[in-house]
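S.K.: This is the structure I have questions about; it appears just below.
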Protein chains: 2
Amino acid sequence: MEYQDNPTLYKIRHSLAHVLAQAVQKIHPDVKLGFGPPTSTGFYYDFDFGDHQFSDKEFKAVTKEMMKIINQKQEFVKTEYTNETVVAALEDIMPTETFKKENIKNLVDRGVTDFSFYQNGPFIDLCKGPHVAHTGELPIKGFKLDKVAGAYWLGSEKNPQLTRIYAVAFESNEELRAFMDRRRIAEKFDHKKLGKDLGIFHFDSEMVGAGLTLWLPNGTVIRDEIENYAREIEFRYGYKRVVTPHITKDKLYHTSQHLPAYEDSMYPPMLLKDGEGEEQTKYYLKPMNCPHHHLIYGSDQRSYRDLPLRLAEYGTCYRFEKTGELSGLIRVRAMTMNDAHIYLTEEQFEEEFKSTIKMYQELYDTFKLTEYSFRLSIRGEENKHKFKGDEAMWTKAEKLLAKVMDELELNYFVGEGEAAFYGPKIDIQFKNLMGREETVSTIQVDFLSGQNFDLKYTNEAGESVTPIIIHRAPLSTHERFISFIMEYYGGAFPTWCAPTQVSIIPVADDCMEYAQALAEELKANYMRAIIDDSNNSFNKKIRNNTVQKIPNMLIIGAKEVEENSVTLRRYGIEEQAYMSRADFIQTMKDEVVNRTMLREPMGSII
Amino acid sequence: MEYQDNPTLYKIRHSLAHVLAQAVQKIHPDVKLGFGPPTSTGFYYDFDFGDHQFSDKEFKAVTKEMMKIINQKQEFVKTEYTNETVVAALEDIMPTETFKKENIKNLVDRGVTDFSFYQNGPFIDLCKGPHVAHTGELPIKGFKLDKVAGAYWLGSEKNPQLTRIYAVAFESNEELRAFMDRRRIAEKFDHKKLGKDLGIFHFDSEMVGAGLTLWLPNGTVIRDEIENYAREIEFRYGYKRVVTPHITKDKLYHTSQHLPAYEDSMYPPMLLKDGEGEEQTKYYLKPMNCPHHHLIYGSDQRSYRDLPLRLAEYGTCYRFEKTGELSGLIRVRAMTMNDAHIYLTEEQFEEEFKSTIKMYQELYDTFKLTEYSFRLSIRGEENKHKFKGDEAMWTKAEKLLAKVMDELELNYFVGEGEAAFYGPKIDIQFKNLMGREETVSTIQVDFLSGQNFDLKYTNEAGESVTPIIIHRAPLSTHERFISFIMEYYGGAFPTWCAPTQVSIIPVADDCMEYAQALAEELKANYMRAIIDDSNNSFNKKIRNNTVQKIPNMLIIGAKEVEENSVTLRRYGIEEQAYMSRADFIQTMKDEVVNRTMLREPMGSII
């Protein structure tokens, strides 16, 4: 964290780091110190314990020492040195702290001139401060040692490995406990954990490669249902679907100007000769669908009567994200995007933009995603020169976007300098499970690609004109969107897109025949139903199906068989319902067709 | 063509080639001769006309000369030489035929010892024969000069370009005319022509690359509808869908044993380092889906209770077909396959295989594909050693396949030595538009992959056992299947998968409101409807919509508006029908849901 984010908390965390180091030194006098900064949730300190293996079993003892230091109300005292005096002073102040001394010498070499030290009690540390006045100001129950990890000195594998002790710290015990609760929930509903527990996805970085998702059957159901829904809504909004290859010759990306600029984010090319005697050609995996779509636009004569032409594709793109940045489904190397490009005339722009926003809202309503806001990303006064394209067009488009958002009474704010280089855009910011804002989706206006690809249409006057292009992807990529809703729903999907929609639990063997007929009837209606015919006890079955977050469980006993009925238990809903078999089937059908979501999503938990 | 295919026709075509050369020499005495063989539909001859530009305008004059030669009943006389006498003789026989002489010298150098020449009238040619006795035996109206093309001497770009005159030739005028009729139809319904006329697909070999299809909106509708249908039927047969990446590290293909054996058919690898300090890794585009699916099987513990596990994916694969072999959608470099792999126990094999065959039949029935037969491809006695895997298993599987096909009373024949190296298979042979047999689809039994990937399940006795795998792809690839049915249907798709399902033609302006309401109602039912509001005349509109092969045209006049009705014209059906609007909507809905195909497909035309 930075000081300005929250000065009070910064001082507390920073001071607690010193207290931790002092406490560890008390118990292990030979320990050598590394760095000890505040973090966004607390602080850490790096230690060289020599041959000693420090573990979390010592947390209690260290915490006890820390308490003592806090109770001693040790004053923080600052001393200052210059680059000329500091090195000599060091041999006095901390003769055995080899890491600290190396660091200070590096800083002097790099031209740093002013150095300050803070001392509290017997402990002294190189430190810019600021700190609390004395340790008595520290919240004695507001911190908690958290975990131990290895960390290389200065972050390089070539240097010695130190032991890093992490702690969480807040201004009060209440805040600490609230944070720990949220974190526990976040871990429980982390999409990587859910993805494994619920059979959603799998990675095999050794055989296939890091960041390349193998979608398991349950995950594929979710993808398919989302895609079906996107197709339906896109059909209603007049989109036409296309399919384009995952690779292309480099020429396409020189035309689109993605090469050489974007090359670092792409997989390296395949080099091949198309035919005997031909030059070697570079083929690339596509990192985006746009250039392929522009070729489809350009493959035929277009008239103003054909516009807006809306080309949609759930297209799989490949981007070479750095290995260290890969994280579950959130950051991957293969992503399937809810992509579309709208080619239109200037006159059509306002209406089409409005209808696009409405489509976004309709989609998010279905998913009960309510915690989002729009950011209107424009050039801003300062950076106008950085953006390409016609001045008048930019001004007009920026005004139009604002006008439409005002008319639609949208919750939005303006991001100056945040536009794409080829046009203004709308970013849709969602709050995730932990309350953090993420850009899930954008709508971009593009004045450049039409020119790069020499795209044209014939206007009413018979003239050849370049269309404006809107890029839009309301449901982002499957990878990002599904990881997002998986957490946001706590893994419990509504009936329409749940991998298993109905689990039938017969309470005795003589209910099996009825259960099977019921399952067949559901399947004949293309519903995903299973019978839990395991040898588990009834209660265990209920528990297992709940753990799997199956939205509908049917309890089938003698009464249900006799009365041709079911007892329905909904996931996360206390009361169970008794109804006729026909009513139940109809309920399911309705919920699937209407994409009903009975429960509120768990949503952001702060 | 080969002599043994049809000796009579071979002699006719071969002799006609000599007659053509003689006729051309008569008109152009300085012409030099290349080769002149029979072909599968006639014959050709290559000529060097020097500076003269020969064109099809001379066909009439050449044909007239040919007729004369035929009427002269010139006898074909054979003379023989050895490699020792032929070169000297040549300077006598054909002193100016530089190409012929070069060819004969090459043959001598390559060790050919016997040479024969055939003379008829003043014309003599190096030739193995046989020929008809005299030119009077040739069908004077059974041949037709067809086209002129360029062809390099000996097929190499480094050699001079000759002029090739093609001709078609049959035993009688009736056969010739029948062939020309068929060919005209085949050209009219060639999927490359239809693909362009109907907006199905597009290639851009300069920007994207040869063999990489850009599916246009109309083609994507067909793909989507076929895919929806495959999903539906696969759901009913208990399949689970998965999605896997289009690329993989090479390790996967070393495990599957596709590398190095299969490398020539693959795109070259992308070479990259996954992280700092790591070795360079090879990533390949997948040429098939199987190895990825095997990893999904292997990603979890499996019990006999989980089997058969049927993993399905409409997966896009990339194969590097040679540029010269690419042909429309039939041979491409990117193909999306109706793929699935079934993992099962030996005990389940018979029942599952039977049910797989039934699924194939159900699919083909829907598409009204009736002209197909099954080939049971086994090892055969001679080549047993070439095939891998357990002897007893092979014997058992081959017997079982035959047994099931017998029980199902299938039309099948046995292909000895045609099995895959890893197991026996069933090939499904379709007759295409021109009556030629094509292998459209296969079902393969695989004893090897389970071992290569160390796949296991726990059997009832608690032992760890390797499953048998069935590979199946009834609908082949989208590319192959759609090009096939496009030709087979003559481009006219049934309502359920037609790109535009209904075209509404209002006969006057005051019918427009009703037409629009009708279009909206169809769209609200997710049907693809357009209104033809062009300025064309009524007849032109009918013609245009017929050319586009739209299955349903609605004529909307004053009567229809008043009576809330429609007049329906079906593509390819003479009679039009008058019905209420509600009846029409219901008819459409039923046809879509039931995937009705009203008309018989054009089918094979011989």
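S.K.: Can you tell me the order of B:477-488, A:555-566, B:243-254 when each peptide is scored by its average per-residue count of other Cβ atoms within 10 angstrom, highest first? Could the numbers behind the result be given before it?
M.R.: Numbers: B:477-488: 24.5, A:555-566: 16.9, B:243-254: 21.2.
Per-residue mean Cβ counts within 10 Å order the peptides as B:477-488, B:243-254, A:555-566.
S.K.: Round to a whole number: what % of the accessible area of segment A:406-496 belongs to carbon and sulfur, probe 1.4 Å?
M.R.: 41
S.K.: Counting Lys and Arg as +1 and Asp and Glu as -1, what is the net charge of the other residues whose Cβ lies under 12 Å from the Cβ of A:Gly450?
M.R.: Values: positive: A:Arg302, A:Lys456; negative: A:Glu346, A:Asp390, A:Asp446, A:Asp454.
Residues near A:Gly450 contribute -2 overall.
S.K.: Give me the 1.4 Å probe accessible area per residue for segment B:66-196, excluding ligands and nucleic acids, in Å².
M.R.: Per residue, segment B:66-196 has 55 Å² of solvent-accessible surface.
S.K.: Continuing with the same structure: So, in nm, how far is label B:His28 from label A:Tyr3 when the simple model puts each one 7 Å beyond its Cα toward the Cβ?
M.R.: 9.3
S.K.: Something else about it: Explain nothing, just compute: Karplus ³J(HN,Hα) = 6.51 cos²θ - 1.76 cosθ + 1.60, θ = phi - 60°, for every residue of segment B:584-593 in order, whole Hz, x for Gly and Pro.
M.R.: Here the 3J(HN,Hα) series is 5, 4, 5, 4, 4, 4, 4, 5, 6, 4 Hz.
S.K.: Taking Cα pairs under 8 Å and at least six residues apart, what relative contact order does chain B come out at, in percent?
M.R.: 10
S.K.: With a/c under 1.5 counting as rounded, go ahead and sort segment B:250-339 into rounded, prolate or oblate using the C-alpha gyration tensor (a ≥ b ≥ c being the square roots of the eigenvalues; past the cut-off, prolate if a/b is larger than b/c, else oblate). Provide the component values of the computation, followed by the final result.
M.R.: Numbers: a/c = 2.51, a/b = 1.17, b/c = 2.14.
Because a/c hits 1.5 or more and a/b fails to exceed b/c, segment B:250-339 counts as oblate.
S.K.: Still on this model: Please compute the average number of Cβ atoms from other chains found within 10 Å of each residue's Cβ in peptide A:237-243.
M.R.: 6
S.K.: When you count, for each residue, the other Cβ atoms within 10 Å and take the mean per peptide, how do B:21-33, A:112-124 rank with the highest first?
M.R.: For the peptides B:21-33, A:112-124, the packing ranking is B:21-33, A:112-124.
S.K.: Then there's this: Answer rounded, prolate or oblate for segment B:292-410, using the Cα gyration tensor with square roots of eigenvalues a ≥ b ≥ c: rounded when a/c is under 1.5, else prolate when a/b is larger than b/c, else oblate.
M.R.: Numbers: a/c = 1.37, a/b = 1.22, b/c = 1.12.
Taking the square roots of the gyration eigenvalues as a ≥ b ≥ c, segment B:292-410 is rounded.
S.K.: Which order, highest average first, do A:231-237, B:131-137 follow once you tally other Cβ atoms within 10 Å for each residue and take the mean per peptide?
M.R.: So the order, starting with the most tightly packed, is B:131-137, A:231-237.
S.K.: I've got another one for you. From the label point of A:Lys322, set 7 Å from Cα along Cα→Cβ, how far away are the matching label points in the other copies, in nm, ordered shortest to longest?
M.R.: 4.6
S.K.: Sort out for me the Cα centre separation of segment A:422-443 from segment B:233-270, rounded to whole Å.
M.R.: When both Cα centres are located, 35 Å separates them.
S.K.: Let me ask you something else. Which whole-angstrom value gives the distance between the alpha carbon centres of segment A:97-174 and segment B:372-387?
M.R.: When both Cα centres are located, 74 Å separates them.
S.K.: Let me ask something else about it. Once you list every other residue whose beta carbon is under 14 Å from the beta carbon of A:Cys317, what net charge do they have if Lys and Arg are +1 and Asp and Glu are -1? Write down the numbers at each step before the final one.
M.R.: Values: positive: A:Lys286, A:Arg319, A:Arg331, A:Arg333, A:Arg480; negative: A:Glu313, A:Glu321, A:Asp339, A:Glu479.
Net of charged neighbours comes to +1.
S.K.: Classify chain B from the C-alpha gyration tensor, please: rounded if a/c falls under 1.5, else prolate or oblate depending on whether a/b exceeds b/c.
M.R.: It is oblate, given that a/c is not under 1.5 and a/b is not larger than b/c.
S.K.: Less than 14 Å Cβ to Cβ from B:Glu591, Lys/Arg counted +1 and Asp/Glu -1: what total charge do the surrounding residues give?
M.R.: Spelling it out: positives minus negatives among the neighbours equals +3.
S.K.: Let me ask something additional. Put a dot 7 Å past each Cα toward the Cβ at A:Asp510 and A:Gln576; how far apart are the dots in nm?
M.R.: 1.9
S.K.: Oh, and also: For segment B:350-443, what is the charge dipole size about the Cα centre, in debye to the nearest 20, if Lys and Arg each add +1 at the Cβ and Asp and Glu each add -1 at the Cβ?
M.R.: Computed about the Cα centre, the dipole is about 220 debye.
S.K.: What are the distances, in nm and sorted shortest first, from the label point of B:Arg182 to the label points of the same position in each other copy, with each label point placed 7 Å from Cα along the Cα-to-Cβ direction?
M.R.: 7.6
S.K.: Measuring with a 1.4 Å probe in the full set of protein chains, what accessible area per residue, in whole Å², belongs to segment A:424-505?
M.R.: 25
S.K.: Dividing the alpha-carbon Rg of the protein assembly as shown by 2.2 N^0.38 Å yields what? All intermediate terms of the calculation are to be shown ahead of the outcome.
M.R.: Working: Rg = 37.8 Å, N = 1212, 2.2 N^0.38 = 32.7 Å.
After normalising by residue count via 2.2 N^0.38 Å, the value is 1.16.
S.K.: Projected onto the charge dipole of chain A (+1 at Lys/Arg Cβ, -1 at Asp/Glu Cβ, origin at the Cα centre), which of A:Ile585, A:Gln161, A:Gly490 gives the Cα projection farthest towards the positive end?
M.R.: A:Gln161
S.K.: Additional query: Compute the separation of the alpha-carbon centres of segment B:13-27 and segment A:490-557 and state it in Å as a whole number.
M.R.: Taking the Cα centre of segment A:490-557 as reference, the centre of segment B:13-27 is 80 Å away.
S.K.: Short version: which residues of segment A:205-226 lose at least 40 Å² of accessible area, all chains versus chain alone, 1.4 Å probe?
M.R.: A:Glu206, A:Met207, A:Val208, A:Leu214, A:Trp215, A:Pro217, A:Thr220, A:Asp224
S.K.: What is the extension gain from A:Gln280 to A:Ala61, computed as 0.36 nm multiplied by their sequence separation minus the C-alpha to C-alpha distance, in nm to one decimal?
M.R.: Using 0.36 nm per residue and subtracting the Cα-Cα distance, I get 72.1 nm.
S.K.: Mind checking which aspartates and glutamates have their C-alpha under 16 Å from A:Lys144, skipping anything on the same chain fewer than 8 residues away?
M.R.: Filter leaves A:Asp56, A:Glu58, A:Glu65, A:Glu171, A:Glu174, A:Glu175, A:Asp181.
S.K.: Nm distances between the label at B:Asp406 and the same-position labels in the remaining copies, 7 Å along Cα→Cβ, shortest first?
M.R.: Reported distances to equivalent positions: 8.4 nm.
S.K.: Hey, another quick one. Only bridges with both residues in chain B count here: give the DSSP antiparallel percent, nearest 5.
M.R.: Bridges in chain B are about 85 percent antiparallel.
S.K.: Check cross-link reach from A:Lys60 to the aspartates and glutamates: straight Cα distance under 12 Å, and skip same-chain residues fewer than eight apart.
M.R.: In chain and number order, the partners are A:Asp146.
S.K.: Checking an interface number: how much accessible area is buried between A and B, summed over both chains, with a 1.4 Å probe, in Å² rounded to 100? Show your work: numbers first, answer last.
M.R.: On the way: alone 30080 and 30080 Å², together 54850 Å².
Rounded to the nearest hundred, the buried surface is 5300 Å².
S.K.: If the only charges are +1 at each Lys and Arg Cβ and -1 at each Asp and Glu Cβ, what is the size of the charge dipole of segment A:495-605 around the Cα centre, to the nearest 20 debye? Working shown, then result.
M.R.: Numbers: 13 positive and 16 negative charges, 114 e Å.
So the dipole magnitude of segment A:495-605 works out to roughly 540 debye.
S.K.: Out of the DSSP beta bridges found with both residues in segment A:495-605, what percent are antiparallel (nearest 5)?
M.R.: Of the beta bridges lying entirely in segment A:495-605, close to 50 percent run antiparallel.
The values are calculated or read from the model by the stated rules, or taken from the named source; none is laboratory data. Treat the numbers as computed from the prediction; the structure is a model and nothing was measured. FYI the Cβ positions are ideal-geometry reconstructions off the backbone, even for glycines, and counts take in every protein chain you see. For accessibility, only protein heavy atoms count, side chains too; no ligands or nucleic acids. Shrake-Rupley method; radii C 1.70, N 1.55, O 1.52, S 1.80 Å.
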